[in-house]
């Protein structure tokens, strides 16, 4: 039999059994749609998270800090050694000191991080409002959103405001470093209070719950800070990062990188995507069982027709191909409909989430991401599943005895 004739016979089910065929395709599409919906959710969450915590520069950056032993210090001499390493593109040190900020007639205890402008960029920091400070404006500062709450003002109100500071500098520079716990219980005599008359202008705001102010360290030269708590080192390429990391570790310093965190996050999301895919696969299996049942019923209904086709010369191969094509067509159509259903479902769900989030003051996010490769794999897989469900009915049809088929009622 000609291929065109087999194709026409395979598509007759849309005319002869329209409702049942469409319901079978719909069942298949729901399973496919569930897979696309859940896997796209996994990809979307991964993409949204990584976009918020990383930049291209931060993935090539090493974070360096002192070991607890304190044998090796992050001082200016060590900074020069790191800058001289081959493959190092930028070195951005930072220090942290306790500060009292003054805005209008209000004062509040804050934490100041003095750094080069590149420190924030290499750390992957992004402003929710305004811009990051730069060397062209040494008196520009960036604050966390929590600072605005301390002064009872919104983020938009804080932008453009001027602040002055009183800095509490440790009398021994060995104590001046970035730590996670800036203690207020240290004796007052251990610090020297320096009242700055410089008026700093707020140029940007970063989302955060800690009361932190980022200041260009070039404007804090009067504090005479000689030791740093953290240094960010940008490498020229990913291949040179490992060599530089090993060299810095030999100095006795601690080294970490955001790329390590990203790799761990990617591993976690791979597991999440597999779990979500398994849930969708369960729905697909149920749909495949429904399609197998439809193909079996179709075989029983067309037994006499198969007998007639064989009696006039149709080969076993032609009969098998007819059933394979019928199941593959239903599977492929189910895949197309499933992609549409899954995509529309994701868009509707994302719209609903963003609608609720914006009503409560949150930000819009994109929770779903559908790579084109995923769509192609789903369409091919749906056709394959259709072929597989038609395997047994096609084999039974090809082995049917023509005489028994003609006597079948």
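Does region 330-345 contain at least one residue that is over 30 Å from residue 269 (Cα atoms), assigned by TED's automatic domain parsing to the domain that holds residue 280 and modelled with pLDDT under 80? No: zero hits. Within region 353-384, the set of residues being under 20 Å from residue 284 (Cβ atoms) and assigned to a loop (DSSP other than H, G, I, E, B) comprises 368, 370, 371. The single condition among (1) more than 30 Å from residue 94 (Cα to Cα); (2) at pLDDT below 80; (3) assigned to a helix (DSSP H, G or I) that residue 271 does not satisfy is (2). As a summary of the residue check, residue 80 satisfies the conditions (1) surrounded by 16 or more Cβ atoms within 10 Å (Cβ to Cβ); (2) assigned to a helix (DSSP H, G or I); (3) at pLDDT 80 or above except for the one numbered (1).
Determine, yes or no, whether residue 379 is modelled with pLDDT of 85 or more and surrounded by 14 or more Cβ atoms within 10 Å (Cβ to Cβ). Taking the combined requirement at face value, the residue satisfies it. Residue 239 meets each of the listed conditions (1) more than 28 Å from residue 45 (Cβ to Cβ); (2) at pLDDT 80 or above; (3) under 32 Å from the mean Cα position of the chain (by Cα) apart from (2). Of the residues contained in region 146-160, none is found to be surrounded by fewer than 22 Cβ atoms within 10 Å (Cβ to Cβ), assigned to a strand (DSSP E or B) and in contact (Cβ under 8 Å) with a residue 12 or more places away in the chain. On inspection, residue 121 does not qualify as modelled with pLDDT under 90, out of contact with any strand residue (DSSP E or B) (no Cβ under 9 Å at 6 or more places or on another chain) and in the same structural domain as residue 230 (by TED's automatic domain parsing). The test for being under 21 Å from residue 160 (Cα atoms), more than 35 Å from the chain's Cα centre (by Cα) and surrounded by fewer than 16 Cβ atoms within 10 Å (Cβ to Cβ) holds for residue 105.
The values are calculated or read from the model by the stated rules, or taken from the named source; none is laboratory data. Predicted, not measured: the structure shown is a model, and the values here were computed from it. Please note: Cβ atoms are built from the backbone with ideal geometry, for glycine as well, and neighbour counts cover all protein chains shown.
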